[in-house]
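Reading through the structure tokens given below for one structure.
The values are calculated or read from the model by the stated rules, or taken from the named source; none is laboratory data. Keep in mind that this is a model prediction, so the values were computed, not measured. Cβ placement follows ideal geometry from the backbone for every residue including glycine, while neighbour counts extend to all protein chains displayed. Areas reflect the complete protein model, heavy atoms only, side chains present, ligands, DNA and RNA absent. Shrake-Rupley method; radii C 1.70, N 1.55, O 1.52, S 1.80 Å.
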Amino acid sequence: MQDSATESNWLLPSAVTGAGVGLFETVWATFSASSSTKGFDVIWVALSLMLLGLAVGVLVGLGLAVVRLGAPAVLRTLEKLPTELWSAEQTDRGLDLLVGVVTVPLAFLVMLRSVENAQVTFHDQHLMAIIQVGEVLLLVGLAGLVWGVLRGLLGRATSALRSRLGPRKARFVSSRTATLVVGLGFVAVMWKVWAATAELRRAVDLSWLLSIVVFVALLLVLRRPLGHSRRPALLAAVLLSGVSSLAADAFLFPFSQTSAATVYAGAPLGGIFVRRLIRLSDVDDDGYGSWFGAGDCAPFEPTIGPDALDLPDDGIDQDCSGSDLRRAAVPAWEAGWTPSGVPGRNLVLITVDALRRDRVGAYLEQSEADSLTPNIDRFMGTATRFERAYSTSSRSVWVFASLFTGRLPSEVAWGPERPVPAFLMQNDTLAEVLTRAGYETRAYVSTGYFHHPQHLYQGFQTVDATPIEEIKGDAKAMATSFVRWLKTRQDPRPFFVWVHLFDPHSPYTHRPEFVDEDDLASNYAGEIRYTDQNLKRLLQTLGRAPFSENTVVVFASDHGEAFGEHGDNFHGRTLFGEVLEVPLAISVPGAPARVLQTPVSLVDLFPTMLDLLGLQVEQQLSGRTLTEAIRTGEEPDGRPVFSELIPDGSRPERQWALLRRDLKLIVDVHLGSKLMFDLSADPDELENLYDNDADEAAALMAALREVIERIELRQIDAR
Ligand SMILES: [Zn+2]
């Protein structure tokens, strides 16, 4: 702290550094794999990020000034720490080594154990990853503490050592040997933990660390040339520019949805800051901010915001949709149907967790030998296959709730339990309807995830599922159990069986019999092959069974799986194609094999399955029956397909997606950001057209509002 540069101001260097990091992040975001930002939008991204960087830089500069003025001792202690740790003083090598031999392996074992525990305990990979990063930090600290205590205890207990460790040396001064041993030990531990958590690290994006490194480096470089001036006028100007650039950015940001999307998806620190600032702007604490285009239209009124229910016809726009909800304008729910199926038929619903549509051979132009799913393909070749089926969400609980009730995830009744809300008894499920109709109902589920508190087994008379302690069961065991039951079945009642296989869900097992490489994408593929192989016997037994002529078989997955396509991995946090597009095929006795092209939703399955069994329900549903299309081959009508993410105790995201013909809209309600893609020209959903075609964007938004208003009305009427 003795050189003159540190005595000068940090404000100007820090402000310039902030803007510089903004420029760095612009380059980073523009060239990231999931970005197609170009032309004027790049300039807009640069402007947004540099203004934000400048504001943050000013804040950091002020912070540094405060630390230097208010707590110079803190800076001095930090300065002395390296010399304390790296001392030429020979304290006691033997003692250091001995303590190191005990603490480092101990830390290692505890850490590995905690990784295993976290993998078993939490289904939520993001939560797991955050917990583990926290655990690693905590354990490093704990190991250091154990090291210090052991060193002190041993030093005191051993008289021979005590004489060599004089009172002066008894305080913590580490020798170079000790620092090296401990340092290397922890590097080894970290390396092992890094390797063990490869799958989990996909869940956390640490690229913001790079931006921090760039910030610190740039700040140190700029400190000398820019830090000398102490002219009050200049410093005041810097301060003022920090405040005004923040205000300007918050105002300008929403005018380009394309660049906003680039910032959110690609700018590591910038994206985090904008999200934080939006949180900060939630002064009325209704969960929604108002800066940067976020959607709270009444920032000081807690009863008005995007999550509020819009009471119909009261003249107040409580949900910030732009107008008051009018009951008369809300489209009706699906009308009932006249059952067209044959009463008494059996129903087998086979679902595979996290199976992407583009990993199923039937959807790809490839030879049978290249297919990961020859047995699923064979089944689909005998059924009605839906070329474009979409899930109602990208997370199992929400999806199965829709699938079993014919309602959208937010129309289902949920309890308040945390972290995952409970599926309430008042929901009437497919298994309950079929039980009332005299069916035997059974579930074979190879995951422990659907036990309490989700109650997704509601209505099943028999459940054969993996215990709750084990997240992941095994397709082979489930298929065997199902086949054994099927072969020995004597019950005269018709049956409904749900078989859910979980193997393609993370954490993936490496299956050397199917894939050579031991990486995430290959292991995912290996799990799909393994699942398909076990489905072979199941499907064959079903096909040969005496009652097969009288059995409807439905095959689907609940959602897909992301591999970084839009900067995210796993599923449950976005509504892009990689997590929403699912395989779907329905085999009905007597119906010929065919392929239908119109987009359909998994919410359509509930009415379709009941209709195929010759049954009818009184409830108002959001899905429609696809029976006519299956019977005649005529395409179903091209109504919009809606999907959503709803917040719960573990995740805050609220997002809506609407697909109408080839145009898809995705709205992040918290951020107020909007994406629009033309899937016919851009199936990978990379080019945001929201700013380009105002008419189409407005039409899609209006169609989305219709769905939301119907959901709101359902929620209001249920209260
Ligand atoms: Zn799932």
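Scanning the stretch 449-505 for residues that are within 16 Å of the ligand (Cβ to nearest atom) and not hydrophobic (A, V, I, L, M, F, W, C) gives Tyr449, His451, Gln454, Tyr457, Thr466, Glu470, Lys472, Gly473, His500, Asp503, Pro504, His505. Of everything in the stretch 548-571 that is acidic (Asp, Glu) and within 13 Å of the ligand (Cβ to nearest atom), the residue that is surrounded by the fewest Cβ atoms within 10 Å (Cβ to Cβ) is Glu561. Within the stretch 250-271, the set of residues being open to solvent by 50 Å² or more (accessible area, probe 1.4 Å) and within 20 Å of Leu575 (Cα to Cα) comprises Ala265 only.
To keep it simple, each residue is scored yes or no on (1) at pLDDT 95 or above; (2) over 22 Å from Thr574 (Cβ atoms).
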| site | (1), (2) |
| --- | --- |
| Pro13 | no, yes |
| Val21 | yes, yes |
| Ala29 | no, no |
| Ala33 | no, no |
| Phe40 | no, yes |
| Val45 | no, no |
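With respect to being surrounded by 15 or more Cβ atoms within 10 Å (Cβ to Cβ) and among the hydrophobic types (A, V, I, L, M, F, W, C), Ala294 fits the description. Scanning the stretch 338-373 for residues that are touching a residue at least 60 places away in the same chain (Cβ under 8 Å) and crowded, with 18+ Cβ neighbours inside 10 Å yields a total of 20. Can we say His505 is part of a loop (DSSP other than H, G, I, E, B), surrounded by 15 or more Cβ atoms within 10 Å (Cβ to Cβ) and touching a residue at least 60 places away in the same chain (Cβ under 8 Å)? Judged against the criteria, His505 is a match. Against the definition (free of Cβ contacts under 8 Å to residues at least 24 places away in the same chain and either open to solvent by less than 50 Å² (accessible area, probe 1.4 Å) or touching a Ser or Thr at 6+ places or on another chain (Cβ under 7 Å) (or both)), how does Asp377 come out, yes or no? So Asp377 fits the description; yes. Residue count for the stretch 384-413 under the criterion of being more than 16 Å from the ligand (Cβ to nearest atom) and part of a helix (DSSP H, G or I): the result is 3.
Residue by residue, here is whether (1) outside the structural domain of Tyr390 (by TED's automatic domain parsing); (2) within 16 Å of the ligand (Cβ to nearest atom); (3) in contact with a helix residue (DSSP H, G or I) (Cβ under 6 Å, 6 or more places away or on another chain) holds:
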| residue | (1), (2), (3) |
| --- | --- |
| Asp516 | no, no, no |
| Gly543 | no, no, no |
| Pro546 | no, no, no |
| Arg573 | no, yes, no |
| Glu581 | no, yes, yes |
| Asp604 | no, no, no |
| Asp611 | no, no, yes |
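Residues checked against (1) surrounded by fewer than 21 Cβ atoms within 10 Å (Cβ to Cβ); (2) in contact with a Leu (Cβ under 9 Å, 6 or more places away or on another chain):
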site	(1), (2)
Leu408	no, no
Gly415	yes, yes
Leu424	yes, no
Ala431	no, no
Gly438	yes, no
Val445	no, yes
Gln461	yes, no
